[in-house]
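Only one structure is covered here, and it is reproduced in the block below.
The values are calculated or read from the model by the stated rules, or taken from the named source; none is laboratory data. Being a predicted model, the structure only gives us computed values, none of them experimental. Heads up, the Cβs are rebuilt from the backbone with ideal geometry, glycines too, and the neighbour counts pull from every protein chain shown. SASA here: full protein model, heavy atoms, side chains in, ligands and nucleic acids out. Shrake-Rupley method; radii C 1.70, N 1.55, O 1.52, S 1.80 Å.
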Amino acid sequence: MKDFASVQVNWPRKDYSRVPYSIYHDPEIYQLEQEKIFRGRCWNVLCLEAEIPNPGDFRVCHVGDTPVVVNRDDDGELYAFVNRCAHRGAEIVREPWGTAKEHTCIYHAWLYNRKGDLKGVPFRRGANGKGGMPACFDMKNHNLVKVRVTSFNGVIFGTFHHDMEPIEEYLGPLFTKHVGEMFNRPVKVLGYQRQRINANWKLYPENIKDAYHGSLLHEFNRTFGLSRLTQVAGGYMDEKHRHSILFQYKGSDSDEEALKAYIENGVKKGEIAGLNDYSMVNIIDENPFGMSTRVMNVFPNCFFHQIGNTLAMRKIRTLGVDAFELTWVLYAYEDDSEEMVQHRLNQANMVGPAGLISMEDGEALEMVHRTTKSAAEEEMAVIEMGGIGEIGDRDTRVNEVTIRGFWAYYAQLMGFAPEGAEQ
């Protein structure tokens, strides 16, 4: 393991209300993140059970930048391993998903079962009495790197630490309740969207935890009352501040009072006049908590959203210090009527890389990444909306405290939290 003892971050404030721009651009910090976070003591979301429903089904996922294969074996159990041959390091599973009895590396045909155990080495004893592996070669010593997996309500999590706390404990009561409710019955995948964003991966959880920008950057939200700073709303976290949920209640303000408040705060009325089909912004009440929108970040790599009636899981794959890939998995419930499925698909036009709400996020993150790359060492982001000092829940979307919660837990995991810092 590389010695990262020299990697440090200068936090000007112990409440993380100042974040040095250099943290997004340092390649040594990125490598330490792979070690301490993605391959560290975290549960990473891999995929949904609905994506591998049958024995033999597999899916290639990523934990940070490490490729991982998730399988369902003949007994229905789930197994996962690093997609890297134990012989010479070649990629083994080359298709993004499929069904297979076993997995064979095309380079030298080493064969593995679905658990990642080595089961065959061609010409292990040589040919014509010559060559082959030495007598001491034991296939049991050359299995693939195993990933521990668990499933929570059909969401499959993985970790490299086989003594990790149970997933319910990792999520905590608030997120066990909300993630559990979003997956409270069998689901079916409706489709995928994928985008590459040329920015550091940490800017995306910052964006998701940023309650403040939702109706300023996203004019569609503001115009049709899906998310406004004048609504009943909030940003909550688990006790360790690693996970967050932002929520609001559509209809808890009026168009008139919202317009007045935005104009008084220097936000002009937008250019959007209306929709040809208003069914996209009509919400069918199905959330037992009454929220019209809730967006969750489960640290470190996954985000769940219920925006109106569209449901999705988003996953991050890190691609170095300057880019990441975001995959959107849109789903419905198996017992949905065809009308409800079509409604969810219609509302899916609001999200994703070209979504009427989400399309601005990627550009905003790339703008931040481009311009902070040349920032001086002492330059930093200001994260004070919602108040400084103690990190805790806020009953308002005029709030960036959940971002500070992310940095507090991140700094602890990475081993460079300042003495006496907020936790």
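Calculated from DSSP H runs of 4 or more alone, at -39500 (n - 2.57) each and per residue, what is the 222 nm mean residue ellipticity of the chain, nearest 500?
Calculated from helices alone, the mean residue ellipticity at 222 nm is -6000 deg cm²/dmol.
Would you please put 386-394, 275-283 in order of how densely packed they are, using the mean number of other Cβ atoms within 10 angstrom per residue and starting with the highest?
Averaged packing, sorted descending, gives the order 386-394, 275-283.
Amide H neighbours of Val187 under 5 Å, at least 5 residues apart or on other chains, H built in the peptide plane: list them.
Close amide H contacts, sequence-distant or interchain: Glu334.
If you add up the charges near Lys101, with Lys and Arg at +1 and Asp and Glu at -1, over every other residue whose beta carbon is less than 15 angstrom from its beta carbon, what do you get?
-3
If packing is taken as the average count of other Cβ atoms within 10 Å, what order do 43-49, 193-199, 265-271 fall into, highest mean first?
43-49, 193-199, 265-271
Can you tally the net charge around Asp138? Count Lys and Arg as +1, Asp and Glu as -1, for every other residue whose Cβ sits under 14 Å from the Cβ of Asp138.
So the surrounding residues net to +3.
Which ³J(HN,Hα) values, rounded to whole Hz and listed in residue order, are derived for the range 287-297 from phi using the Karplus coefficients 6.51, -1.76 and 1.60 in 6.51 cos²θ - 1.76 cosθ + 1.60 with θ = phi - 60°, glycine and proline given as x?
Whole-Hz 3J(HN,Hα) from phi for the range 287-297: 8, x, 8, x, 6, 7, 9, 8, 10, 10, 10.
Would you mind classifying the range 261-351 by shape? Square roots of the alpha carbon gyration tensor eigenvalues, ordered a ≥ b ≥ c; an a/c under 1.5 is rounded, otherwise it is prolate if a/b is larger than b/c and oblate if not.
oblate
Over 26 Å between Cα atoms: which of Lys14/Lys240; Lys240/Lys315; Lys260/Lys315; Lys14/Lys268 fall into that group?
As for pairs spanning more than 26 Å Cα to Cα, those are Lys260/Lys315; Lys14/Lys268.
Each residue of the range 75-90 in turn: what ³J(HN,Hα) in whole Hz from Karplus with 6.51, -1.76, 1.60 and θ = phi - 60°, glycine and Pro shown as x?
8, x, 6, 9, 9, 9, 8, 6, 7, 8, 4, 6, 7, 10, x, 6
Please report the carbon-and-sulfur percent of the accessible area for the chain; probe 1.4 Å, protein heavy atoms only, DNA, RNA and ligands left out.
Percent of accessible area from carbon and sulfur atoms in the chain: 49.
Short version: ³J(HN,Hα) in whole Hz for each residue of the range 194-209, in order, from phi by Karplus 6.51 cos²θ - 1.76 cosθ + 1.60 (θ = phi - 60°), x for Gly and Pro, what are they?
9, 9, 9, 10, 7, 7, 5, 4, 5, 5, 6, x, 4, 5, 5, 7
State the Cα centre-to-centre distance between the range 7-41 and the range 302-363 in whole Å.
One Cα centre to the other: 28 Å.
Which of the lysines could a cross-linker bridge to Lys101, judged by Cα under 25 Å and excluding same-chain residues fewer than eight apart?
In chain and number order, the partners are Lys115, Lys119, Lys140, Lys146, Lys188.
By average Cβ neighbour count within 10 Å, what is the ranking of 371-383, 207-219, 29-41 from highest down?
Sorting 371-383, 207-219, 29-41 by mean packing, highest first, produces 207-219, 29-41, 371-383.
Does the range 316-402 classify as rounded, prolate or oblate by the C-alpha gyration tensor (a ≥ b ≥ c root eigenvalues; a/c under 1.5 gives rounded; else a/b over b/c gives prolate, otherwise oblate)?
The shape class here is oblate.
Starting from 0.36 nm per residue, how many nanometres of slack lie between Asn143 and Glu379 once their C-alpha separation is accounted for?
Full-extension gain reported as 80.2 nm.
In nanometres, what is the gap between the two model label sites at Asn282 and Ser151, each 7 Å from Cα along Cα-to-Cβ?
3.6
Report the paramagnetic label zone for Tyr249: residues of the range 396-423 whose backbone N is under 17 Å from a point 7 Å from Cα along the Cα-to-Cβ axis.
It comes to 396-398, nothing else.
What label, among [x] 97, 52, 35; [y] 88, 56, 36; [z] 92, 58, 42, belongs to Cα extents along the principal axes in Å computed from the structure on display?
[y]
5 Å is the cut-off here: which amide hydrogens, built 1.01 Å from N in the peptide plane, fall below it relative to Ile156, excluding neighbours closer than 5 in sequence?
HN-HN under 5 Å from Ile156: Leu46, Cys47, Leu48, Glu49.
Quick check: from the Cα gyration tensor, does the range 236-286 come out rounded (a/c under 1.5), prolate or oblate?
Oblate, because a/c is 1.5 or more while a/b does not exceed b/c.
Counting only residues 5 or more places away or on other chains, whose amide H sits under 5 Å from the amide H of Ser292 once H atoms are built in the peptide plane?
For Ser292, whose amide H was placed from the backbone, the distant partners under 5 Å are Gln248, Tyr249, Lys250.
Could you tell me how far the Cα centroid of the range 94-155 sits from the Cα centroid of the range 382-407, in Å?
If you average the Cα positions of each part, the centres end up 48 Å apart.
Near Lys373, which lysines are there with a Cα under 20 Å away, not counting those fewer than 8 places off in the same chain?
Straight-line reach from Lys373, under 20 Å: Lys202.
Where only protein heavy atoms count, and the probe is 1.4 Å, what is the accessible area per residue for the range 153-196 in Å²?
Value returned for the range 153-196: 47 Å² of accessible area per residue.
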